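Notes for the one structure printed next.
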Amino acid sequence: MRLFVAAVPSEEAVEHLDAFLDVRRSAAPFRWASAEQFHVTLSFLAEVEERRLDDLVERLGRAAARRTAFDTRIAGGGAFPNARRARVLWAGLDLDEQGRTDLDRLATGCRAAANRAGIVVDGQRFRPHVTLARLSHPTEVSSWVQLLDAYAGPRWPVDRITLVASYLGEGPRGRPRYETLEELWFGA
């Protein structure tokens, strides 16, 4: 199974960001993410044996129980690897120092839970973001990054983690199809 653990923005935050992008998407031939795909990946698990799923859920539940809710909002943006040769356009999160620490600890806890369940975790450095679009070849997107710098959505509580299965190519227009497997609330 191909899974990821995410912080999913509130419905209001998703709708606000989607409305902001909706009138702009036709200006660029990017592979835009749909609103249903907006999330902050905390841990990516490329290959999970089904027999490890129960242990993973239990361990993620314990990791979530140790956390307390904090607020953030989607704001600003950028591009990976950079604005001159972008392959991914993303929106950022507005976090104070404590919120950034809380989110980093949450991501670390999710990765540790997966490791303890015997699952290999993507080892890339954690960079909190919401993927907005993928580009088929390196593209200069400075004007898009400037546009995103002016964006700030409504605040929403990060109060749970969501375990999601990703089925490549099964969604509309060949996009991945996501299926929520579990929602694990903080302090539960």
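Taking Rh as the Kirkwood radius, which is the inverse of the mean 1/r over Cα pairs, what is the Rg/Rh value for the range 91-135? Walk me through the numbers on the way to the answer.
Details: Rg = 12.7 Å, Rh = 12.1 Å.
Taking Rh as the inverse mean 1/r over Cα pairs, Rg/Rh reads 1.04.
For the range 88-188, what is the convex hull volume of the alpha-carbon atoms per residue, in Å³?
With only Cα atoms used, the range 88-188 gives 163 Å³ per residue.
Between Ser26 and Thr101, what is 0.36 nm times their sequence separation minus the Cα-Cα distance? Round to one decimal in nm.
Values: separation 75, 0.36 × 75 = 27.00 nm, distance 3.67 nm.
Using 0.36 nm per residue and subtracting the Cα-Cα distance, I get 23.3 nm.
Once you list every other residue whose beta carbon is under 11 Å from the beta carbon of Pro138, what net charge do they have if Lys and Arg are +1 and Asp and Glu are -1?
+2
In nm, give the distance between the simple-model label positions of Ser142 and Glu170, each being 7 Å from the Cα along the Cα-to-Cβ direction.
Those two pseudo-labels are separated by 4.3 nm.
In whole angstrom, how far apart do the alpha carbon centroids of the range 79-116 and the range 153-188 sit?
Cα centres, the range 79-116 to the range 153-188: 15 Å.
Under the definition of Cα pairs under 8 Å and six or more residues apart, what whole-number percent is the relative contact order of the chain? Intermediate results must be reported in sequence, preceding the final value.
Details: 380 pairs, mean separation 63.6, N = 188.
The value is 34 percent.
Report the paramagnetic label zone for Glu11: residues of the range 128-158 whose backbone N is under 15 Å from a point 7 Å from Cα along the Cα-to-Cβ axis.
157
Between Asp71 and Arg177, what FRET efficiency follows from the Cβ-Cβ distance if R0 is 30 Å, with the result rounded to 0.05?
After rounding to 0.05, the efficiency reads 0.50.
Using a simple charge model, +1 on the beta-carbon of Lys and Arg, -1 on the beta-carbon of Asp and Glu, nothing else, what dipole does the chain show about its Cα centre, in debye to the nearest 20?
680
Based on C-alpha coordinates, I'd like the Rg and Dmax of the chain, in Å.
16.4, 47
Could you give each residue of the range 13-18 its phi-based ³J(HN,Hα) in whole Hz, using Karplus coefficients 6.51, -1.76, 1.60 with θ = phi - 60°, and x for Gly or Pro?
Result, ordered by residue: 5, 5, 4, 5, 5, 4 Hz.
What percent of all Cα-Cα pairs in the range 1-47 falls into each 10 Å bin, going from 0 up to the bin containing the maximum distance?
24, 42, 28, 6
Taking the simple approach of a point 7 Å from Cα along Cα-to-Cβ for both Asn82 and Glu50, what is their distance in nm?
4.6
Rounded to the nearest 10 degrees, what's the angle between the helix 97-116 long axis and the longest principal axis of the chain, both from Cα atoms, 0 to 90?
50
Each reported figure results from applying straightforward, stated rules to the coordinates on display, with no laboratory input. Since the model is a prediction, treat every value here as computed from it, not as a measurement. Heads up, the Cβs are rebuilt from the backbone with ideal geometry, glycines too, and the neighbour counts pull from every protein chain shown.
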